[in-house]
Amino acid sequence: MKLDGEQFLNADPQTVWTALFDRDVLAGAIPGCESLDQLSATEFAAVVKLKIGPVSARFKGDVELSDIVPGQSCTLSGKGSGGIAGFAKGAAQVTLTPEAGGTRLCYDADVAVGGKLASLGNRLIGATAQKLTDAFFANLSDALTPPEEARSA
Amino acid sequence: MTMHIGQAARRENARRHLAGRGRFVSDLALPRMLHAVFVRSPMARGRIFEIDTSEASACPGVVRIFTAAELNARCTPWIGTLGHFAGMQSPPMNILAEDEVLWTGHPVAMVLARSRAEAEDAAELVMLDIEDAEPVTDGAAALRPGAPLANPAARDNLCYEAVLETADVDAAFAGAAHVVEASMTFGRHTAVTLEPRAVIADFDASSGALTVHHGTQTPYQFQDVYSRHFGLPEGKVRVIAPDVGGSFGMKLHVYNEEMGAVAASLILGRPVRYVADRLESFLSDIHARDHIVQGRMALDAEGTILAMEVNDLTQVGAISAYPRTSAAEGNQVIRLMGAPYRMSDYRGRLSVAFQNKVQTSQYRAVGHPIACAVTEALVERAAEATGLDPFEIRARNLIADDAYPHVSATGYQFEKLSHQACLAKLHEMMEPDALRAEHASLRKQGIYRGFGIASFVEITNPGAAFYGVGGARISAQDGAVVRMMPSGDIHCAISVTEQGQGTETIIAQVVADQLGVTPERVSVTTGDTATTPSGGATWACRGAGIGGETALRAGRRLRDRILTLAGALVQADPASLRLENGAVVDATGAARITLEEIGRIATYRPDTLPDGIDHSLTVAHHFAPTGYPFDFTNGIQGSLVEVDVETGLVRILKHWVVEDCGRIINPLLVDEQIRGGVVQGLGPAFFEECQYDADGQLTNGSLADYLVPMACEMPDIEIAHIETPTGDTILGAKGVGEAGTAAAGAAAMNAVNDALRPFGARLTQTPMTPLRILDALDAAREERTDP
């Protein structure tokens with residue numbers, strides 16, 4: 001399943017870039033994240049609780065960052081097992097482009113799901129994945145918004 | 001005297017079901033019963049590294065969690081091959097995956113808990129470490145040299161292959177005036193029974209007896225399977241199939257889950273219940289069809305069919321189903337091709353391929369819809385090529401009604417069929433000339449209607465040629481015990497089973513007529529290996545033809561016994577007496593003694609009977625079909641549709657069936673069997689498809705995404721009959737359960753293609769979804785504009 005989109009973030013590319021590699025920012029941004037351990041500079045272990053249609057599951061998985069062009073782009077790939085609910089795996093190409101007043105983040109992801117998640121139909125999964133992605137970037141955007149701006153807004 | 005055979009009696013158990021008094025395994029609860037939930041592979045192909053059950057085992061209510069090491073040891077593996085399919089291979093299968101997972105949904109662990117909910121909660125905590133591997137999903141690619149194996153225990157991905165040919169087939173094509181071709185694809189679909197698969201295995205260690213309450217068509221087959229695979233004496237195994245909420249062939253295969261329930265009960269000494277939920281049904285019930293067929297047909301200049309040649313690729317999953325195999329369908333596809341037609345030459349090639357999906361196997365009308373759709377699509381193209389009307393080309397080629405016995409080019413022997421009479425009757429019912437005129441005028445308003453017809457034969461009343469000769473322990477005979485009670489009421493215990501089609505009702509009708517009583521006085525017991533004699537039960541359209549004949553012969557033996565007794569009591573020659581209206585009557589029709597009085601004397605005052613007279617009012621009789629290997633039936637169907645060429649949506653406006661199932665025991669139930677069959681033929685023609693992605697994931701495993709035909713989408717189905725009884729039996733009945741399914745899709749596809757004819761578009765794949773119809777219209781448009 002292909003997912004793509006873009007998000008304008010109210011911070012310069014370097015700030016966004018740093019946030020993407022920041023364990024605390026990521027843990028706050030990933031919807032349903034119960035734990036996120038940084039294993040190395042580019043590897044994380046995550047436990048994420050998700051509900052997709054009637055299937056509720058706790059996914060345990062690994063996330064790795066590769067193809068790194070600092071400040072510009074990287075590939076996020078991950079694989080998670082949700083036990084009886086099935087599994088999800090995928091990779092996203094993330095590109096940061098400077099834009100007036102901030103950064104344009106573009107993502108292009110290919111996600112595959114298996115087991116119960118798949119048999120419930122791509123229709124549900126597609127909508128849910130889009131919703132989760134939107135939530136992630138909304139959370140990231142919030143985290144990047146400087147507190148004083150938030151107050152004055 | 002009123003004969004009850006031929007009467008439209010209502011299905012006896014319908015009243016009980018309507019009153020909420022059904023007895024389904026899904027509703028049964030036994031003391032100390034455990035509930036089983038299976039942890040399944042989320043991937044189509046992979047290697048198991050670890051199954052961690054520690055967290056799950058600590059969950060509330062969990063009694064035990066099994067993996068393969070413990071559970072499979074209790075059961076000998078099963079192998080889905082048959083001896084008469086030469087060269088066929090299928091690797092052994094056991095309850096839980098050992099090292100390799102072979103399809104999405106393959107069970108890897110079994111959780112047993114006090115409730116289904118607790119078992120499900122625990123199952124979520126079983127952690128699987130499975131390294132996924134590239135699955136084999138495309139059967140054609142699977143058969144190329146060097147393709148990865150779908151099942152590492154197999155030699156290669158070829159499960160079975162066969163060629164059937166006559167000597168002159170190439171010459172027939174070489175000399176043909178017209179050759180028409182078709183490449184067709186038939187999607188996977190599944191049974192979607194109202195009641196899912198359900199089993200409660202109950203092993204009593206104190207007596208060594210295993211009782212399995214099992215929603216199946218074939219209790220005796222499972223008695224044998226459980227006895228052999230679990231090393232139990234057959235006499236200690238009892239299988240009870242009470243009310244069964246639909247089966248359609250799906251509930252006679254051996255499944256991992258049912259075997260798991262038995263194994264777990266044997267180990268734990270407690271009743272173990274497994275009832276599939278709807279998601280599991282989609283992932284583990286057998287699927288049907290999945291064929292890719294190339295066919296061609298040779299004709300002379302006058303439109304006479306000279307020969308056919310077909311290649312069928314059947315894709316069956318990672319193993320062949322047990323004990324009937326997954327090759328039987330393809331075998332029937334290549335043998336049923338062109339069967340209604342007087343065609344002398346033929347070549348059929350069958351390749352059965354393994355792939356990483358759920359097994360496919362026998363489902364209502366095994367092979368028939370494929371053979372029928374390919375044959376009838378070719379006949380339709382032949383009609384176009386020769387300029388003949390669809391009725392005319394069939395009239396020229398269908399076997400003449402006085403040309404029997406007839407042997408088809410594929411080797412099937414037909415005793416007596418009525419194709420030409422059925423065609424003439426269908427013509428009268430459909431009035432094709434009026435339809436054509438109407439369609440022409442509607443086209444001017446942008447409304448596109450079409451009709452299509454399809455002739456068929458159906459295999460019924462199979463003898464041992466089906467499975468027995470191949471070494472399968474599947475009974476070709478059936479048994480009945482008929483007894484008269486002291487009141488003169490009759491009871492019949494019989495081995496054919498009831499899944500809602502009315503088996504018990506027709507058996508009562510048949511027995512009633514032999515004993516001169518009304519069917520209300522005949523009670524019928526089915527579905528319990530402890531209380532009925534052993535037999536093949538209900539599959540392949542044999543319940544009425546073979547079960548009915550068994551009941552008839554048993555009834556006649558009891559009749560003779562009663563008449564002998566009556567002769568002694570009323571001092572008359574038994575040969576001068578007969579049974580009528582609940583009494584023994586003489587040649588003048590005068591009642592001499594009632595059944596009730598005979599019952600009273602035989603039971604309570606046997607001392608008053610003459611010495612040496614046999615007063616046992618119970619007879620047992622077994623019957624195995626003899627004569628022709630199968631009693632074929634035949635018929636023809638017509639379909640009328642309207643296609644919206646903007647949206648691709650199809651309205652099915654009308655369906656016609658003319659059918660010849662021999663002696664009709666109950667016209668109401670026969671017609672309802674035909675209607676149900678038509679709906680199960682139209683379902684996969686338009687709606688039903690198990691969709692897989694390239695990774696072997698089933699992507700529409702719920703009723704939110706898998707479309708079944710609904711009442712509002714189904715047309716009126718008009719039915720007429722020709723009756724050609726078989727001479728193989730006294731009763732003369734043949735099967736009817738699969739006739740509707742056999743040709744409904746073929747007629748519908750011809751109808752859709754007739755509607756699309758003005759656009760030059762043509763459908764060759766089922767289901768004929770709106771998207772595929774629009775694609776066909778687009779393809780035709782491109783061909784027109786860009787030749």
Percentage of interatomic Cα-Cα distances in region B:154-296 larger than 17 Å: 69
Nearest-0.05 FRET efficiency for B:V163 and B:A117, computed from C-beta distance (R0 51 Å): 0.45
Dipole of region A:2-145, positive direction: furthest Cα of A:A19, A:S81, A:S35, with charges on the beta-carbon: A:S81
Test item: Cα-centred dipole of the protein assembly as shown, Lys/Arg +1 and Asp/Glu -1 on Cβ, debye: 2340
Backbone N under 17 Å from the B:S344 label point (7 Å along Cα→Cβ), restricted to region B:161-204: B:165-178
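As an exercise, find the ratio Rg/Rh for region A:2-145 from alpha-carbon atoms, using the Kirkwood inverse-distance average for Rh.
Rg/Rh: 0.96.
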Förster radius 30 Å - calculated FRET efficiency between B:A140 and B:E50, Cβ distance, rounded to 0.05: 0.30
Residue order, fewest to most beta carbons within 10 Å, for A:D62, B:D290, B:D401, B:D614: B:D614, A:D62, B:D401, B:D290
Spread of Cα-to-Cα distances over 10 Å intervals beginning at zero, given as percent, for region B:373-419: 25, 43, 30, 1
Interatomic Cα distance distribution for region B:145-213, bins of 5 angstrom, percent: 3, 8, 7, 8, 9, 11, 13, 13, 8, 6, 4, 4, 3, 2, 1, 0
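Taking N as the number of residues in region B:39-95, what value does Rg over Cα atoms divided by 2.2 N^0.38 Å take?
1.59
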FRET efficiency, 1/(1 + (r/R0)^6) with R0 35 Å, evaluated for B:L30 and B:Y604 via beta carbons: 0.35
Exposure proxy ranking, count of Cβ atoms within 10 Å, fewest first, for B:R16, B:R542: B:R16, B:R542
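In region A:4-53, which GluC sites (Glu not before Pro) fall in coil by DSSP and have 12 or fewer other Cβ atoms within 10 Å? Intermediate values should be presented prior to the final figure.
Working: sites: A:E6, A:E34, A:E43; in loops: none.
For GluC sites (Glu not before Pro) across region A:4-53 that sit outside H, G, I, E and B with at most 12 neighbouring Cβ atoms in 10 Å, the list is empty.
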Interchain or long-range residues, amide H under 5 Å from B:G46's placed H: B:V101, B:A133
Kirkwood Rh (inverse of mean 1/r, distinct Cα pairs), the protein assembly as shown, angstrom: 30.6
Shape of chain B, Cα gyration tensor, a/c cut at 1.5: oblate
Dipole magnitude of region A:2-145 about its Cα centre (Cβ charges: Lys, Arg +1; Asp, Glu -1), debye to nearest 20: 800
Order of B:M710, B:M93, B:M184, B:M43 under a 10 Å beta carbon neighbour criterion, fewest first: B:M710, B:M184, B:M93, B:M43
Principal axes of region B:500-596: Cα extent on each, largest first, Å: 46, 21, 21
Residues in region B:311-346 that a label on B:A171 would reach, taking backbone N under 15 Å of a point 7 Å out along Cα→Cβ: B:344-346
Whole-number D in µm² s⁻¹ for region B:325-445, Kirkwood Cα-pair radius fed into Stokes-Einstein, 10 °C, 1.306 mPa s: 95
For chain B, calculated [θ]222 nm from helices alone, where every DSSP H run of n ≥ 4 adds -39500 (n - 2.57): -8500 deg cm²/dmol
Two-site label geometry, B:H491 and B:H84: point separation in nm, points 7 Å out along Cα→Cβ: 3.7
Of B:K236/B:K357; A:K60/A:K116; B:K425/B:K654; B:K236/B:K734; A:K49/B:K357; B:K251/B:K734, those spanning more than 27 Å from alpha-carbon to alpha-carbon: B:K236/B:K357; B:K236/B:K734; A:K49/B:K357
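Values in this text are rule-based calculations from the coordinates and carry no lab data. Please read all numbers here as calculations on a predicted model, not as lab measurements. Positions of Cβ are generated from backbone atoms using ideal geometry, with glycine treated the same way; all protein chains shown enter the neighbour counts.
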